[in-house]
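What follows is calculated from the coordinates using simple rules that are stated; it is not laboratory data. Here the structure is a predicted model, which is why all the values come from computation and not from measurement. Cβ atoms come from the backbone with ideal geometry, glycine included; neighbour counts cover every protein chain shown.
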Amino acid sequence: MQLTYWRIEALQKNHNRQTFSCDHPALDRYLQQQARQDGEKRVAAVFVLVQPPACQVLGYYTLSASTLNAKEVPPELVRKLPRYPQLPVTLLGRLAVDQQLKGQGMGQFLLMDALHRSLQAAAGIAAMAVVVDAKDALAAAFYQHFGFIPLNLSASRLFLPMATIATLFN
Ligand SMILES: CC(C)(COP(=O)(O)OP(=O)(O)OC[C@H]1O[C@@H](n2cnc3c(N)ncnc32)[C@H](O)[C@@H]1OP(=O)(O)O)[C@@H](O)C(=O)NCCC(=O)NCCS
């Protein structure tokens, strides 16, 4: 009997990205045409969900270093922070699951992996939150389901303080 298990790993040349489809052509196209280049140029770190030994990509997310304008942070939170105009954050730029797997916990698996990886990285290079750019209202609802808070100035940008993320992995 062969056990099936899931792995999230850094995107490599041998990963098959061509069949990936998440119902959002822009997210499919990004994975198929842009992700490898972004990884190579160190613009984004791309992590993919696979079921070894198969190398078909069934989900992915990207992480990049970014900054947040302090004006975007809700007042009750900004009051507790040092008064810098820009704050260091980790950007979860994209996250998607192949449509054949939707509703099976893989979005949550990818999100938790991204948050854990961001928390670990922040121990070496500080980031005070993870920020996401939700593509639409459904995506925003997904992130809010996990406690992400909308930022000021834009309903589609949300964030989760690193201090909150740390409590998830205690
Ligand atoms: C959004 C997306 C990643 C969710 O992935 P998924 O594998 O279907 O979701 P999961 O099965 O892991 O769901 C985990 C939890 O989130 C909830 N959830 C899933 N999608 C949700 C949504 N749009 N709004 C609110 N909650 C949602 C589920 O009900 C589940 O809750 P539970 O654990 O309390 O039962 C997936 O639908 C997708 O790839 N969408 C297209 C791309 C996209 O919108 N990406 C996000 C922003 S760029």
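So which pairs qualify, if the first residue must be in the range 22-42 and under 16 Å from Gly59 (Cβ atoms), the second must be in a helix (DSSP H, G or I), the Cβ gap must be under 8 Å, and the two must be at least 6 apart or on different chains? Close Cβ pairs satisfying both conditions: Cys22/Asp28; Cys22/Gln99; Asp23/Gln99.
Answer with yes or no whether Leu31 is aliphatic (A, V, I, L, M), surrounded by 16 or more Cβ atoms within 10 Å (Cβ to Cβ) and either out of contact with any His (no Cβ under 8 Å at 6 or more places or on another chain) or not in a loop (DSSP other than H, G, I, E, B) (or both). For Leu31, the condition - aliphatic (A, V, I, L, M), surrounded by 16 or more Cβ atoms within 10 Å (Cβ to Cβ) and either out of contact with any His (no Cβ under 8 Å at 6 or more places or on another chain) or not in a loop (DSSP other than H, G, I, E, B) (or both) - is met. One residue stands out among those in the range 87-109 that are part of a helix (DSSP H, G or I) and within 7 Å of the ligand (Cβ to nearest atom): the one that is farthest from Ala45 (Cα to Cα), which is Leu101. Restricted to the range 34-45, and to residues that are within 16 Å of the chain's Cα centre (by Cα) and in a helix (DSSP H, G or I), which residue is nearest to Gln100 (Cα to Cα)? The extreme case among them is Ala35.
As a summary of the residue check, Val130 satisfies the conditions (1) surrounded by fewer than 19 Cβ atoms within 10 Å (Cβ to Cβ); (2) of a type in the set (Val, Ile, Thr); (3) within 18 Å of Glu72 (Cα to Cα) except for the one numbered (1). Out of curiosity, is Ser21 outside any helix (DSSP H, G or I) and more than 17 Å from Gln100 (Cβ to Cβ)? Criteria not met by Ser21. For the range 3-28, what are the residues that are of a type outside the set (D, E, K, R), surrounded by fewer than 19 Cβ atoms within 10 Å (Cβ to Cβ) and away from the ligand (no atom under 16 Å from the Cβ)? Hits for the range 3-28 are Leu3, Thr4, Tyr5, Ala10, Gln12, Asn14, Asn16, Gln18. The sole residue among Leu160, Leu153, Leu138 that is of a type in the set (A, V, I, L, M, F, W, C) and under 13 Å from the mean Cα position of the chain (by Cα) is Leu160.
Residues being within 16 Å of the ligand (Cβ to nearest atom) and small (Gly, Ala, Ser) are represented in the range 63-85 by at least one member. No other residue among Leu77, Leu91, Leu110, Leu160 is in contact with a Ser or Thr (Cβ under 6 Å, 6 or more places away or on another chain) and surrounded by 11 or more Cβ atoms within 10 Å (Cβ to Cβ) apart from Leu91.
Of everything in the range 113-160 that's over 18 Å from Ala70 (Cβ atoms) and touching a residue at least 60 places away in the same chain (Cβ under 8 Å), which residue is farthest from the ligand (Cβ to nearest atom)? It comes out as Ile125.
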